[in-house]
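**Q** Mind looking over this structure? Questions follow.
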Amino acid sequence: MDRSIDLILDELKKSLPFEAVSYHENNQTKAFIKNDWYEWWASTVAGSLYKSEVRSVTIEPGQYIVVICRVWIGEVYHDGRGFEDLTKKSNTSLSTLVDLAEAEAFRAAFDKFQMGWHNLGKYQKLNIPLAASHRNCIKCQSALTTEDVNYLRERPHIKNDYHRHCIPSHLDR
């Protein structure tokens with residue numbers, strides 16, 4: 001393998017910008033990186049050596065969708081597989097489900113290059129909810145701590161973000 005490709009592959013493994021990490025609205029400890037960031041990072045680091053394609057889309061009506069994608073960096077490539085279960089998402093359009101499976105497939109392919117591992121790994125190793133760094137108390141407007149987020153998680157009836165000491169007494173039971 002060309003030495004420059006080795007350097008590019010090593011560079012891809014470095015941290016993406018902090019703002020590349022997002023979290024799921026319904027599970028604020030589950031961090032992820034959107035495909036746009038992966039594509040931006042790959043094209044920034046590898047330039048014209050980066051390319052990608054959808055290799056196949058399989059739709060089994062009423063059952064599932066499987067999408068296979070491939071990402072190349074020079075001559076090195078990885079395939080990723082995305083899956084959507086049609087039996088659980090009957091109210092979602094077929095084109096949206098194909099897009100979701102395709103996004104999952106590209107994330108899986110980028111993951112095989114170890115892209116984003118530094119960004120996401122620190123949340124797993126330290127067990128720090130990402131949400132704590134992006135949430136502010138609605139009363140005092142300052143950032144929530146991990147302890148605040150954990151305290152709120154134990155009290156699902158509190159729907160807004162508060163520091164433990166800022167929670168109105170009628171809510172903190």
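The values are calculated or read from the model by the stated rules, or taken from the named source; none is laboratory data. This is a predicted model, so every value here is computed, not measured. As a convention, Cβ positions derive from the backbone with ideal geometry for all residues, glycine included, and neighbour counts pool all protein chains shown.
**Q** Could you tell me whether residue 151 is part of a helix (DSSP H, G or I), in contact with a helix residue (DSSP H, G or I) (Cβ under 9 Å, 6 or more places away or on another chain) and either at pLDDT 90 or above or among the aromatic types (Phe, Trp, Tyr) (or both)?
**A** When the stated conditions are applied, residue 151 passes them.
**Q** Is it fair to say residue 161 is within 24 Å of the chain's Cα centre (by Cα), farther than 21 Å from residue 18 by Cα, outside any loop (DSSP other than H, G, I, E, B) and modelled with pLDDT of 80 or more?
**A** no
**Q** Here's another thing I want to ask about it. Somewhere in the range 106-122, is a residue modelled with pLDDT of 80 or more, crowded, with 17+ Cβ neighbours inside 10 Å and charged (D, E, K, R)?
**A** yes
**Q** Additional query: What pairs come out if I take residues in the range 1-27 that are over 17 Å from residue 109 (Cα atoms) and pair them with residues that are modelled with pLDDT under 80 and of a type in the set (Lys, Arg) whose C-beta lies under 7 Å away, six or more apart or interchain?
**A** As it stands, the answer is 23/30; 24/30, since those pairs meet every condition given.
**Q** Condition first: modelled with pLDDT of 95 or more and of a type in the set (Asp, Glu). Now tell me which residues in the range 47-78 satisfy that.
**A** Result: 53, single match.
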